[in-house]
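Peer 1: I'd like to ask some things about the structure below.
The values are calculated or read from the model by the stated rules, or taken from the named source; none is laboratory data. As the structure is a computational prediction, the values presented were derived from the model and not from experiment. Cβ placement follows ideal geometry from the backbone for every residue including glycine, while neighbour counts extend to all protein chains displayed. Surface areas here come from the heavy atoms of the whole protein model, side chains and all, with no ligands, DNA or RNA. Shrake-Rupley method; radii C 1.70, N 1.55, O 1.52, S 1.80 Å.
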Amino acid sequence: MWPEDEDERADRLIARLREGASEAEPMSERVRRAADGAFAARGVEAPVAEVVGDSLEPDGGVRPSALRGPRYVLLRGVGVQVEVHLEITGHAGHRRIAGRVVPPGAGTVEVRSPVGAREFPVDEGGGFTAASVPRGPVRLLVSDDEGPRVVSSWLPL
């Protein structure tokens with residue numbers, strides 16, 4: 001008998017999970033949100049955009065305990081000519097991210113967090129606004145008609 005390849009092992013696992021699914025309790029909303037967050041956190045095949053400027057990181061290297069006004073972050077893609085300029089403002093327990101993708105062009109920005117992912121449109125000028133973003137770590141995936149252009153590292157909000 002030949003050794004199983006990954007596809008065969010995956011098929012067997014899925015079959016076993018389906019057998020147990022009929023006996024399982026309904027999934028709670030808490031578990032569903034956690035699963036959505038885990039799915040949102042998965043890896044993406046796109047060049048990574050690193051933080052090259054952050055108003056929370058002054059030249060002295062000491063973070064202020066509180067930032068008055070908006071936070072400005074500049075992301076630059078590694079190996080690609082893509083920059084993402086962000087302005088992050090706080091509203092109660094959520095954040096608002098206004099940004100511009102350079103070079104400009106229509107597409108989407110997907111904001112991923114441990115509680116899920118939401119997509120926001122990017123206009124022809126490269127501008128976008130992401131509202132009601134939860135506090136905590138987020139990752140931005142910038143895409144256009146041809147697919148993913150760049151994905152950010154995780155940013156604490």
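Peer 1: Sort through Ala35, Ala49, Ala15, Ala41 and tell me the only one that's under 21 Å from Arg118 (Cα atoms) and at pLDDT 70 or above.
Peer 2: Unique residue meeting the criteria: Ala49.
Peer 1: Mind checking which residues of segment 123-147 are part of a strand (DSSP E or B), among the small types (Gly, Ala, Ser) and either open to solvent by less than 10 Å² (accessible area, probe 1.4 Å) or in contact with a strand residue (DSSP E or B) (Cβ under 6 Å, 6 or more places away or on another chain) (or both)?
Peer 2: Gly127, Ala130, Ala131, Ser132, Ser143
Peer 1: So which residues in segment 84-116 are at pLDDT below 90, part of a strand (DSSP E or B) and open to solvent by 30 Å² or more (accessible area, probe 1.4 Å)?
Peer 2: Result: Gly90, His91, His94.
Peer 1: Among the residues of segment 130-152, write down those that are among the acidic types (Asp, Glu) and in contact (Cβ under 8 Å) with a residue 12 or more places away in the chain.
Peer 2: Asp144, Asp145
Results for (1) within 30 Å of Glu29 (Cβ to Cβ); (2) without any contact (Cβ under 8 Å) to a residue 40 or more places away in the chain, shown as yes or no for each residue.
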{"site": "Ala49", "(1), (2)": "no, no"}
{"site": "Arg95", "(1), (2)": "yes, no"}
{"site": "Ala98", "(1), (2)": "no, yes"}
{"site": "Thr108", "(1), (2)": "yes, yes"}
{"site": "Glu119", "(1), (2)": "yes, yes"}
{"site": "Gly125", "(1), (2)": "no, yes"}
{"site": "Phe128", "(1), (2)": "yes, yes"}
